[in-house]
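The values are calculated or read from the model by the stated rules, or taken from the named source; none is laboratory data. Because the structure is a prediction, the values reported are computed rather than measured. All Cβ positions, glycine included, derive from the backbone under ideal geometry; neighbour counts span all protein chains shown.
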Amino acid sequence: MERFTRLEAFAAPLGLANVDTDQLIPARFMKRSRAEGYGQFLLHDLRFEADGSPKPGFVLSDPRHARAKVLVAGRNFGTGSSREAAVYALWDFGIRCVIAPSFGDIFASNAVKNGLLPAVMPESGVEALMEALPGVGYAVAVDLEACTVRCGDLALAFSVDPVRRLQLLNGWDDIDLTRRHLPEIAAFREARLAAQPWTMPRLGAAG
Amino acid sequence: MSAPRTLFDKLWDSHVITQREDGEALLWVDRHFVHEGSHHAFRKLDEKAAPLAEPGLTFGVADHYVPTRNRHVIGDKEVAGMVDRLSANAARHGFRLFGLDDPAQGIVHVVGPEQGLTLPGLLIVCGDSHTSTHGAFGAYAFGIGASEVAHVLMTQTLWQRKPKRMRVTVSGMLAPHITAKDLALHVIARIGANGAQGHALEYDGSAITALSMEGRLTLCNMSIEAGARCAMVGPDETTFAWVRGRPYAPSGADLDAAIESWRGLTTEPGSVFDREVAIEAAEVVPIVTWGVSPEDALPITGRVPMPDLADPARAAYLADALGYMGLEPGQKLSDVAIDRVFIGSCTNARLEDLRAAAAVLEGRKARVPGLVSPGSSLVKRQAEAEGLDRIFIAAGLDWAESGCSMCVGMNGDLVGAGERCASTTNRNFRGRQGQGARTHLMSPAMVAAAAVTGRLADVRDLPTREG
Ligand code: SF4
């Protein structure tokens, strides 16, 4: 997993609340393999007309935001379906950090597992950031050590779960971490099945 | 003396393998459900050349993409490939698959409880957000993403931080015709689509105890739409009666021992919750959604909201949502004409749901086309044995095979652009049922009422054979 420490990049002011994962990547695109890249499908139906041309008023249709690595959004970002493809679409588009007042729990977890920072910023902070962005050419600096976003003279604090912060800072992969606990896992399994044999499915794998 | 523990505390404690200093715990997973959409996770397994840790605790279901008509031929090559890949993974890794041709196939959250794979006290995960459904049995059940699915495949464990605890107490009794779906939408409208974010949600109170297992499943299913990490109802005699005799459930002395242990899965008096919400069941009325988030829900007797000029952000949201939905501010909800109906999904396609819809449709004609897709193939056969299929067909609706179908449209069962659908599903997100589709969520009986009137309608205005 890629580490996340500091990021100086352009931020796109999406602003919308309740951006669910069905919007982040509509279901019809999820049959494809990741190798083909998911970036073109990010927010597809908000971004494109039925004939495939960009929707004029939409923020990501603005050429200024084509290189954005940060997305600023309203509350409850990534709510809904557990599809990790929503994170793949953001990542493949180039987004490395989403700033919002709150996130869907599963989305936030998926994001961190892929090295993308879900930065929780109070509603007032997000509003201030949205207002300040045009004046600085949409450039921001995200610092995960300090948990701040700088935008011109403005320095705004964000929060992220401390464990997730460490994972992102170090680029840790859970599986490697878990493998160190294999003996404890085996012991737990044995004890559980001995004390509560009914937790095993009756018909077993052969069912 | 130790502090009194909640049901969730007990579920959590009994699955902790080890605790890290930073507060994350490694949890044991008792059941792992996978589906065709889990292909990203199996690819990760292959990349690490890792074996499947526990084939006996892993169960596959073909549901998200499967055709509901003419199943023997899958026209879409990509879909056929996904269903085949799931079968290949099941064969290679040696886990039980409820595949397309299996008589017990169905939607994963219907199959688990039906087969007795879902039990009280278990930790259950699946790469699907509505895994919260299984909490209806007093299980700790939650949806995970592909990276976590891969982690469970490889280790049968997950790292988690303990969620906060929240309780919704529903006292009194729900009125006739008021269902768990109405209650769920009532709760979401009250606390918001992120109102339970970061929380394990326990339902309690006389109205909850009175719910059937089907109703509890609907309620826990919809809890993810309030942002809850997981939801649960304490197991009781209703739960035990459901479990008894299910194929994978314990039996005989094992079942006695299990029930003995399940009786301990209660929230102890004096337990403290991080958040409490109290609801009077008598206040819950038939509810429909009008917007693009499940929190956009109102009594059917109400009107589409008017923008509040004092709150520009809210007014902008409303204008946007109503624009998408093709509705006028202040319009009476019962004046809204619909184009089609859908009865299906892991929320509301169990036997009780189909019976409720059929009770309204019996002897009547639907004014709009519609599709009925039972929650599982077993539900389908039972419904046919009861003659429910004939009621749906006589009313003019299509009776199809089981799968996720028009809940998410992955199999090609889509609502057309600009079309308005009264639906028993769980998400009215933009484009959820198809690009440009307009979804109104409601209970199965309310969908049936909408079908026979051709508009959003109050089921209480339509007499049924049960009164
Ligand atoms: S029926 Fe709908 S909500 Fe349920 S698992 Fe299938 S797609 Fe998800």
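Give me the residue from the range B:21-30 that is within 8 Å of another protein chain (Cβ to nearest Cβ) and closer than 24 Å to B:GLY56 by Cβ and, out of that set, surrounded by the most Cβ atoms within 10 Å (Cβ to Cβ).
Quick first cut of the range B:21-30, residues within 8 Å of another protein chain (Cβ to nearest Cβ) only: B:22-24, B:26, B:28, B:30.
Keeping just the survivors that are closer than 24 Å to B:GLY56 by Cβ gives B:26, B:28, B:30.
Numbers: B:LEU26: 22, B:TRP28: 22, B:ASP30: 25.
Only one residue fits best here, namely B:ASP30.
Out of the range B:321-354, which residues are within 16 Å of the ligand (Cβ to nearest atom) and assigned to a loop (DSSP other than H, G, I, E, B)?
Matches in the range B:321-354: B:GLY344, B:SER345, B:CYS346, B:THR347, B:ASN348, B:ALA349, B:ARG350.
If the requirement is being within 30 Å of A:ALA108 (Cβ to Cβ), surrounded by 17 or more Cβ atoms within 10 Å (Cβ to Cβ) and among the aliphatic types (A, V, I, L, M), which of these qualifies: B:ALA249, B:ALA226?
Step by step, each of B:ALA249, B:ALA226 is checked, and only B:ALA226 is within 30 Å of A:ALA108 (Cβ to Cβ), surrounded by 17 or more Cβ atoms within 10 Å (Cβ to Cβ) and among the aliphatic types (A, V, I, L, M).
For the range B:395-416, give me the residue count where each residue is away from the ligand (no atom under 13 Å from the Cβ) and in contact with a Ser or Thr (Cβ under 8 Å, 6 or more places away or on another chain).
So the answer is 3.
Results for (1) part of a strand (DSSP E or B); (2) without any contact (Cβ under 8 Å) to a residue 24 or more places away in the chain; (3) in contact with a Lys or Arg (Cβ under 7 Å, 6 or more places away or on another chain), shown as yes or no for each residue.
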{"site": "B:LEU11", "(1), (2), (3)": "no, no, no"}
{"site": "B:ILE17", "(1), (2), (3)": "yes, no, no"}
{"site": "B:GLU21", "(1), (2), (3)": "no, yes, no"}
{"site": "B:LEU26", "(1), (2), (3)": "yes, no, no"}
{"site": "B:PHE33", "(1), (2), (3)": "yes, no, no"}
{"site": "B:SER38", "(1), (2), (3)": "no, no, no"}
{"site": "B:ARG43", "(1), (2), (3)": "no, yes, no"}
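Could you please tell me which pairs satisfy a Cβ distance under 8 Å, a separation of 6+ or placement on different chains, a first residue in the range B:332-352 that is free of Cβ contacts under 8 Å to residues at least 12 places away in the same chain and charged (D, E, K, R), and a second residue that is more than 16 Å from the ligand (Cβ to nearest atom) and assigned to a strand (DSSP E or B)?
Taking only residues 6 or more apart or on different chains, not a single pair turns up.
If you take just the strands (runs of 3 or more DSSP E) that sit entirely in the range B:100-193, which of them hold at least 2 residues that are away from the ligand (no atom under 16 Å from the Cβ)?
Values: elements: B:123-126, B:140-143, B:157-161, B:164-171.
Of the strands (runs of 3 or more DSSP E) lying wholly inside the range B:100-193, those with at least 2 residues that are away from the ligand (no atom under 16 Å from the Cβ) span B:157-161, B:164-171.
Just to confirm my filter: which helices (runs of 4 or more DSSP H) fall fully inside the range B:355-458 and include at least 3 residues that are under 28 Å from B:PRO176 (Cα atoms) and free of Cβ contacts under 8 Å to residues at least 60 places away in the same chain?
Output list reads B:377-385, B:388-395.
Would you confirm whether any residue within the range B:65-75 is within 13 Å of chain A (Cβ to nearest Cβ), in a helix (DSSP H, G or I) and more than 16 Å from the ligand (Cβ to nearest atom)?
no
So which of A:ASP22, A:ASP45, A:ASP92 ends up being within 11 Å of chain B (Cβ to nearest Cβ) and in contact (Cβ under 8 Å) with a residue 24 or more places away in the chain?
Numbers: A:ASP45 fails: in contact (Cβ under 8 Å) with a residue 24 or more places away in the chain; A:ASP92 fails: within 11 Å of chain B (Cβ to nearest Cβ).
On inspection, the qualifying residue turns out to be A:ASP22.
Check the range A:6-19 and report whether any residue there is more than 10 Å from A:ALA89 (Cβ to Cβ), surrounded by 13 or more Cβ atoms within 10 Å (Cβ to Cβ) and either among the charged types (D, E, K, R) or touching an Asp or Glu at 6+ places or on another chain (Cβ under 7 Å) (or both).
no
Which residue, of B:ASP296, B:ASP308, is within 13 Å of chain A (Cβ to nearest Cβ) and more than 16 Å from the ligand (Cβ to nearest atom)?
The conditions single out B:ASP296.
Quick one: which of B:ASP311, B:ASP353 is of a type in the set (Asp, Glu) and surrounded by 14 or more Cβ atoms within 10 Å (Cβ to Cβ)? Spell out the reasoning first.
Working: B:ASP311 fails: surrounded by 14 or more Cβ atoms within 10 Å (Cβ to Cβ).
From the options B:ASP311, B:ASP353, the qualifying one is B:ASP353.
Contact list please: Cβ distance under 9 Å, first residue in the range B:116-134 and assigned by TED's automatic domain parsing to the domain that holds B:LEU27 and closer than 15 Å to B:ALA249 by Cα, second residue of a type in the set (Val, Ile, Thr) and assigned to a strand (DSSP E or B), pairs at least six apart or on different chains.
Sorted first by the residue in the range B:116-134, then by its partner, the pairs are B:LEU117/B:ILE124; B:THR118/B:ILE124; B:HIS134/B:ILE124.
For the range B:425-439, what are the residues that are more than 11 Å from every other protein chain (Cβ to nearest Cβ) and near the ligand (Cβ under 10 Å from one of its atoms)?
Once the filter is applied, which keeps residues that are more than 11 Å from every other protein chain (Cβ to nearest Cβ) and near the ligand (Cβ under 10 Å from one of its atoms), the range B:425-439 yields only B:THR425.
Taking A:LEU133 as meeting all but one of (1) out of contact with any Cys (no Cβ under 7 Å at 6 or more places or on another chain); (2) in contact (Cβ under 8 Å) with a residue 12 or more places away in the chain, write down the number of the exception.
So A:LEU133 meets the others, but not (1).
Test A:GLU145 against the criterion of being outside any strand (DSSP E or B), more than 8 Å from chain B (Cβ to nearest Cβ) and closer than 30 Å to B:PHE98 by Cβ, and give yes or no.
The answer is no for A:GLU145.
Yes or no, residue by residue, for (1) at the interface with chain B (Cβ under 9 Å from one of its Cβ atoms); (2) part of a loop (DSSP other than H, G, I, E, B); (3) in contact with a Gly (Cβ under 6 Å, 6 or more places away or on another chain):
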site	(1), (2), (3)
A:ARG64	no, no, no
A:ARG75	yes, yes, no
A:ARG83	yes, yes, no
A:TYR88	yes, no, no
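Looking at this structure, is B:THR18 more than 16 Å from the ligand (Cβ to nearest atom), modelled with pLDDT of 95 or more, farther than 30 Å from B:SER377 by Cα and within 10 Å of chain A (Cβ to nearest Cβ)?
Judged against the criteria, B:THR18 is a match.
For the range B:361-373, check the following and say yes or no: at least one residue is within 13 Å of the ligand (Cβ to nearest atom), within 13 Å of chain A (Cβ to nearest Cβ) and modelled with pLDDT of 95 or more.
Scanning the range B:361-373 turns up no residue that is within 13 Å of the ligand (Cβ to nearest atom), within 13 Å of chain A (Cβ to nearest Cβ) and modelled with pLDDT of 95 or more.
When you go through B:SER261, B:SER271 one by one, which is the residue that is touching a residue at least 12 places away in the same chain (Cβ under 8 Å), within 14 Å of another protein chain (Cβ to nearest Cβ), hydroxyl-bearing (Ser, Thr, Tyr) and over 17 Å from B:LEU219 (Cα atoms)?
Selected residue: B:SER261, the only one of B:SER261, B:SER271 that is touching a residue at least 12 places away in the same chain (Cβ under 8 Å), within 14 Å of another protein chain (Cβ to nearest Cβ), hydroxyl-bearing (Ser, Thr, Tyr) and over 17 Å from B:LEU219 (Cα atoms).
Among the listed residues B:GLN331, B:GLN382, identify the single one that is more than 20 Å from the chain's Cα centre (by Cα) and over 19 Å from B:PRO103 (Cα atoms).
B:GLN331
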